[in-house]
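The values are calculated or read from the model by the stated rules, or taken from the named source; none is laboratory data. Being a predicted model, the structure only gives us computed values, none of them experimental. For neighbour counting, all protein chains shown are included, and Cβ atoms are generated from backbone atoms with ideal geometry for every residue, glycine included.
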Amino acid sequence: MPKFLRLYIISALCLLLATLIFGLLATWAFLYPEIYNQFLPFYQLRPFHVSAALFWIITGSAASIVYYKNTLLIAKNKDNIIERLFIYLWLSTIAVIFLCYSMKKFGGREYWEFPPMLCIPLLVSWLLLILSYFNTPLGKGKHNKPMYIWMWSTGLFFFLITFIEQNLWQIPWFRYSYLREVTVQWKANGSMVGSWNQMLYGTSLYLMVKISGDESIANGKTAFFFYMLGLANLMFNWGHHIYNVPAASWIRDTSYIISMTEWIFFIRIIQGFKNKLDERKKFRHLITYRFIIAAEFWVFINLLLALAMSVPAINRYTHGTHITVAHAMGTTIGINTMILLASFTYILGLDCQSNLIKKIISICYWVSQYSLLIFWLSLIVAGVIKAYRTTAINLANFQEIMEPVIPVLKIGSFSGIGLVLGLGTIAVIYIYYGLNSKADVK
Ligand code: HEM
């Protein structure tokens, strides 16, 4: 693997570590403002945490695609100058963004709260990535490509579109109307999630093919249907992000139905893979396999939550409570992070390490799964209590509303420590192997 790609993968894992640490600090800053407000207030920690989370997912997805693309093209050791430029520009912009946050220089919009000028280098570097990807036999031509290549290509392209759309607020016309700006913002954010889901689902499909040795998983009718559903989701499911702005009811209904279907199909694909996989192959890639199965579990339980909270009558109560946070973190940790860890396990060859290392990863895996479950449930309970007190008994005083919510959030913050320890140890082990192992793809 070329050095710059190794650096990119290690940087993605450092972003995961940063996400975890800032997340824990943000929780404490929220619960104990009297201590934290003096040096690291919540308003500063939140953008640190959320941007680190987004960059972990996007950087990790891009790293996986670049690595697998080079493997498929048998160009593992080829030095690609455009890819190198993309990586250096992308990573240095992220470093500048964190520097701005540390100097309390904000700007931008939700999830991207840095000075908007920094979107330019991000855009340029993504264009470089697209150039290097589409300028290969994988990105060109239409026929006979496994579905994971279609998904990667779609995800890369639509990230560009949604990133531009997300920045339309910089044109004054969009800002003249608050409603217009909010609608475009949240539409773009919803579609952007669809674009990185395409990159990640493509990656998990690729892993399933490699582990099972069965190419039909990525070529059959189910995979094609799943791809088309993913595409439909990317284009139309944003409706459930804008329930609170006035919109025609058919837009809400369509997006509600569409957004539930994609996940059901993802579960079906993983189940098909599980059924076909023989025990020997499973044990050869046990850690990778486990992370894929974890993603399936989290798709399932997040689907239940999303089904409920996307009903407009329920969304009226849940919106703006910790239930939305549970949805955002349940999916980005449970689904996105699990697929990325499956991918990095495979890339860094962790399935082939000593039994001791595998045992440690396995313990951390279970610690993080149980901690995430408690974390996720406590956010939902906190959200239900807040929704009840705000909407059903019409309390207006924030402190009064939050009184019974705070103890539940404290339980959540304890389980957050488990999550940080579990996922954090895994990240540190992977960084170590990223720095030291000579292993290439299996
Ligand atoms: C891989 C790990 C993680 C990812 C990907 C992640 C992702 C996210 C995302 C996307 C949001 C924005 C939610 C929204 O807009 O409503 C968020 C918010 C937040 N996260 Fe995390 N998170 C992670 C781990 C953690 C951990 C371990 C903790 C604490 C123990 C934590 C605490 C928080 C807090 C306090 C917020 C702000 C909630 C609010 O604004 O009310 N996160 N996280």
Given the structure, is Leu356 within 10 Å of the ligand (Cβ to nearest atom) and more than 20 Å from the chain's Cα centre (by Cα)? no
Among the residues of segment 80-91, which ones are in contact (Cβ under 8 Å) with a residue 12 or more places away in the chain and farther than 28 Å from Lys187 by Cβ? Asn80, Ile82, Glu83, Arg84, Leu85, Ile87, Tyr88, Leu91
Flag for Ala52 being within 21 Å of Ile164 (Cα to Cα) and either at pLDDT 95 or above or within 16 Å of the ligand (Cβ to nearest atom) (or both): yes
If Ala387 satisfies every condition in (1) within 16 Å of the ligand (Cβ to nearest atom); (2) crowded, with 17+ Cβ neighbours inside 10 Å; (3) at pLDDT 90 or above but one, which is the exception? (3)
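Looking at segment 242-256 only, could you name the residues that are part of a helix (DSSP H, G or I) and surrounded by 13 or more Cβ atoms within 10 Å (Cβ to Cβ)?
Taking segment 242-256 and keeping what is part of a helix (DSSP H, G or I), we get 249-256.
Result: Ile251, Arg252, Thr254, Ser255, Tyr256.
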Output the qualifying pairs, or none if there are none: Cβ atoms under 8 angstrom, residues six or more apart or on different chains, first residue in segment 1-24 and outside the structural domain of Ile347 (by TED's automatic domain parsing), second residue charged (D, E, K, R) and not in a helix (DSSP H, G or I). Met1/Lys76; Met1/Asp440; Pro2/Lys76; Pro2/Lys78; Pro2/Asp79
Quick one: is Tyr36 within 12 Å of the ligand (Cβ to nearest atom), on the phi > 0 side of the Ramachandran plot and either in contact with a helix residue (DSSP H, G or I) (Cβ under 6 Å, 6 or more places away or on another chain) or not assigned by TED's automatic domain parsing to the domain that holds Ala342 (or both)? no
Note on segment 120-150: residues closer than 26 Å to Ser216 by Cβ and either in a loop (DSSP other than H, G, I, E, B) or at pLDDT below 90 (or both) are Thr136, Pro137, Leu138, Gly139, Lys140, Gly141, Lys142, His143, Asn144, Lys145, Pro146
For a quick check of your reading of the model, give me the residue pairs whose first member lies in segment 112-123 and is in the same structural domain as Leu45 (by TED's automatic domain parsing) and in contact (Cβ under 8 Å) with a residue 40 or more places away in the chain, whose second is assigned to a helix (DSSP H, G or I) and not charged (D, E, K, R), with beta-carbon atoms closer than 6 Å and at least 6 apart or on different chains. Glu113/Pro47; Phe114/Ile97; Phe114/Cys100; Pro116/Gln170; Leu122/Thr93
